[in-house]
Amino acid sequence: MFLMRIIISPAKKMRIDTDTLAFEELPQFIKDTEYLSKLLKKLSYEEARELWKCNDKIAAHNYQLLKKIDLRSNLTPALLAYEGIQYQYMAPVVFQTNELEYIKENLRILSGFYGLLKPFDGVTPYRLEMQAKLKGKGFGSLYEFWKDRLAVQLSTETDLIINLASVEYSKCITRYLKDEVRLITCVFGELINGKLIEKGTIAKMARGEMVRYMAEYQINKPEEIRKFNRLNFSYAEELSDVDTYVFLRKTEISI
């Protein structure tokens, strides 16, 4: 089978689910995560709230989680831990066995806290976006902390990456990839006044649907994803190239 990796973003909203599926191992960058956790625990509530850029209710909840965070027990498989829109449309809880095996092999989740996650890596709820300006010895942001390590790891696994992550997350991969690794970015948009526009919510929905589509059809050649036709999207050859697959959404015209 053609070796391929699909990269997606995490989600802010998370849950604990230790019953549906068991986690298989700890994330490969767990030592780095433990270091980041120690830095976060040193922050005052106001510093944490500023870092997270959220309201008091969300900040208070996450600050309490942070104080008692345990990175090695009561863990949830990463695939089930995230609850955002993309994950809802991926719907991993209803994957068949062969679809789960496909996801296990091909899917990787980017994370500001964990770095790079396999679907069955055990994680716990956290709040730390990749663009956060967390500072430590020798770095002033998470981009500087992770540097090229996530891209290097992916490059050891594959020479073809299907990019379904947001720009905030994917740039920790794209800026470091060598020429021998092909990266195809999928864009889900609409033509508005002649301009291609991606709308956040529908794009997240489509990314989740694309992961499900690839798992259902066991896709192992990039050209096969051009047949994707869910949520009123279809492949737009005239707007695409070898590195970017554009999918346009048909919108209803009111008369």
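Here, each number is a calculation from the coordinates, and none is a lab measurement. Please read these numbers as outputs of a predicted model, since none were measured by experiment. Note: ideal-geometry Cβ built from the backbone for every residue, glycine included; neighbour counts use all protein chains shown.
Which residues, taken from segment 90-101, are crowded, with 18+ Cβ neighbours inside 10 Å and not in a helix (DSSP H, G or I)? Hit for segment 90-101 is Phe95, nothing else.
Counting only strands (runs of 3 or more DSSP E) wholly contained in segment 145-255, the ones carrying 1 or more residues that are hydroxyl-bearing (Ser, Thr, Tyr) occupy 182-192, 233-235, 244-249. Going by the conditions given, is Val187 farther than 24 Å from Gly84 by Cα and among the β-branched types (Val, Ile, Thr)? In short, no.
Hydrophobic (A, V, I, L, M, F, W, C) and exposed (fewer than 12 other Cβ atoms within 10 Å of the Cβ): is that true of Ala48 in this structure? So Ala48 does not fit the description; no. Filtered by the rule that a residue be farther than 27 Å from Ile103 by Cβ and not in a helix (DSSP H, G or I), segment 66-79 gives a lone residue, Lys68. Which ones in segment 37-57 are in a helix (DSSP H, G or I) and in contact (Cβ under 8 Å) with a residue 12 or more places away in the chain? Ser37, Leu39, Leu40, Lys41, Tyr45, Ala48, Arg49, Leu51, Trp52 - these are the residues of segment 37-57 that are in a helix (DSSP H, G or I) and in contact (Cβ under 8 Å) with a residue 12 or more places away in the chain.
Scanning segment 1-36 for residues that are in a loop (DSSP other than H, G, I, E, B) and among the aromatic types (Phe, Trp, Tyr) yields Phe2, Phe23, Phe29. Set side by side, the residues Tyr63, Tyr87 differ, and just one is surrounded by 13 or more Cβ atoms within 10 Å (Cβ to Cβ), out of contact with any Phe, Trp or Tyr (no Cβ under 7 Å at 6 or more places or on another chain) and either part of a helix (DSSP H, G or I) or of a type in the set (Phe, Trp, Tyr) (or both), which is Tyr87. Taken over segment 154-170, the criterion of being over 13 Å from Cys186 (Cβ atoms), within 13 Å of the chain's Cα centre (by Cα) and surrounded by fewer than 16 Cβ atoms within 10 Å (Cβ to Cβ) is satisfied by Glu168 alone.
So for segment 74-95 (the condition being acidic (Asp, Glu) and without any contact (Cβ under 8 Å) to a residue 40 or more places away in the chain), does at least one residue qualify? Within segment 74-95 (the criterion being acidic (Asp, Glu) and without any contact (Cβ under 8 Å) to a residue 40 or more places away in the chain), the answer is no, since none of the residues qualifies.
Within segment 117-144, the residues that satisfy the criterion of being over 21 Å from Arg5 (Cβ atoms), assigned to a loop (DSSP other than H, G, I, E, B) and of a type outside the set (Gly, Ala, Ser) are Thr124, Pro125, Tyr126, Arg127, Leu128, Glu129, Gln131, Lys133, Leu134, Lys135, Lys137. Name the residue that is surrounded by the fewest Cβ atoms within 10 Å (Cβ to Cβ), counting only residues in segment 30-45 that are within 18 Å of Gln131 (Cβ to Cβ) and of a type in the set (A, V, I, L, M, F, W, C). Filtering first and then ranking leaves Leu39. Filtered by the rule that a residue be among the aliphatic types (A, V, I, L, M), surrounded by 15 or more Cβ atoms within 10 Å (Cβ to Cβ) and over 26 Å from Ile58 (Cβ atoms), segment 118-153 gives Leu150, Ala151.
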